[in-house]
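The values are calculated or read from the model by the stated rules, or taken from the named source; none is laboratory data. Remember, it's a predicted structure, so these values are computed and weren't measured experimentally. Cβ coordinates were reconstructed from backbone atoms using ideal geometry, including for glycine residues, and neighbour counts include every protein chain displayed. All accessible areas refer to the heavy atoms of the entire protein, side chains included, with ligands and DNA or RNA removed. Shrake-Rupley method; radii C 1.70, N 1.55, O 1.52, S 1.80 Å.
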Amino acid sequence: SKTLKFEQEGETVVLYVRGLIYHGDFHFASRIIGNDGMVWYHDGMITGSSCENEGDFDKFSSRNLLKCKGKELILVVYARV
């Protein structure tokens, strides 16, 4: 899910996806979601020290986030924004 919602002390808390970690081919890759909603891809073996812009996070379906360039999603990082 792109967001997690729960109640804490009578207040609704919403957490948003800010990072996704993928594994495959014996190494890890990641997608980072910026505050502006842009998705950045990083795979040190492919992109080196750079990140590639993959576009607007709102255009990704939750299902499309499960895989990335042949790698499987293994960890989602949520943050309160």
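Which value, in debye to the nearest 20, gives the size of the charge dipole of the chain about its Cα centre, when Lys and Arg are +1 and Asp and Glu are -1 at the Cβ?
200 debye
Please state the relative contact order of the chain as a whole percent: Cα pairs under 8 Å, 6+ residues apart? Walk me through the intermediate numbers first.
Working: 137 pairs, mean separation 27.9, N = 81.
Computed value for the chain: 35 percent relative contact order.
Based on DSSP H runs of at least 4 residues, each adding -39500 (n - 2.57), what is the mean residue ellipticity at 222 nm of the chain after dividing by all its residues, to the nearest 500 deg cm²/dmol? Show your work: numbers first, answer last.
On the way: 1 runs with 4 residues, N = 81.
Counting only the DSSP helices, I get -500 deg cm²/dmol.
P(r) tail for the chain, what percent of Cα pairs lie past 19 Å?
Details: 1249 of 3240 pairs.
When every Cα pair of the chain is considered, 39 percent fall beyond 19 Å.
Name the residue from Leu75, Met38, Ser49 whose Cα lies farthest towards the positive end of the charge dipole of the chain, charges +1 on Cβ of Lys and Arg and -1 on Cβ of Asp and Glu.
Of Leu75, Met38, Ser49, it is Leu75.
Could you state how much accessible area Leu75 has, in square angstrom rounded to the nearest 10, with a 1.4 Å probe and all protein chains kept in place?
Only protein atoms counted, so the area is about 90 Å².
If DNA, RNA and ligands are ignored and the probe is 1.4 Å, what is the ranking of Glu54, Glu9 by accessible area, most exposed first?
Details: Glu54 55, Glu9 185 Å².
The ranking, largest first, comes out as Glu9, Glu54.
In Å², what does the accessible area per residue of the chain work out to with a 1.4 Å probe? Intermediate values should be presented prior to the final figure.
Working: 5450 Å² over 81 residues.
Each residue of the chain exposes 67 Å² on average to a 1.4 Å probe.
How much of the accessible area of the range 18-79, in percent, comes from carbon and sulfur atoms when a 1.4 Å probe is used?
Details: 2210 of 3880 Å².
The value for the range 18-79 is 57 percent carbon and sulfur by accessible area.
Where does the charge balance sit around Ser62 when Lys and Arg score +1, Asp and Glu -1, over other residues with C-beta under 14 Å from its C-beta? Write down the numbers at each step before the final one.
On the way: positive: Lys2, Arg31, Lys59, Arg63, Lys67; negative: Asp58.
Overall, the nearby charge balance is +4.
Which of the chymotrypsin sites (Phe, Trp or Tyr not before Pro) found in the chain are in a DSSP loop and have at most 13 neighbouring Cβ atoms, other than their own, within 10 Å? If you can, show how the numbers build up before the last one.
Details: sites: Phe6, Tyr16, Tyr22, Phe26, Phe28, Trp40, Tyr41, Phe57, Phe60, Tyr78; in loops: Phe26, Phe60.
Here the chymotrypsin sites (Phe, Trp or Tyr not before Pro) that fit, given the DSSP loop and packing criteria, are Phe26.
Summing +1 for each Lys or Arg and -1 for each Asp or Glu, what net charge is found among the other residues whose Cβ lies under 12 Å from the Cβ of Leu73?
Residues close to Leu73 contribute a combined charge of +4.
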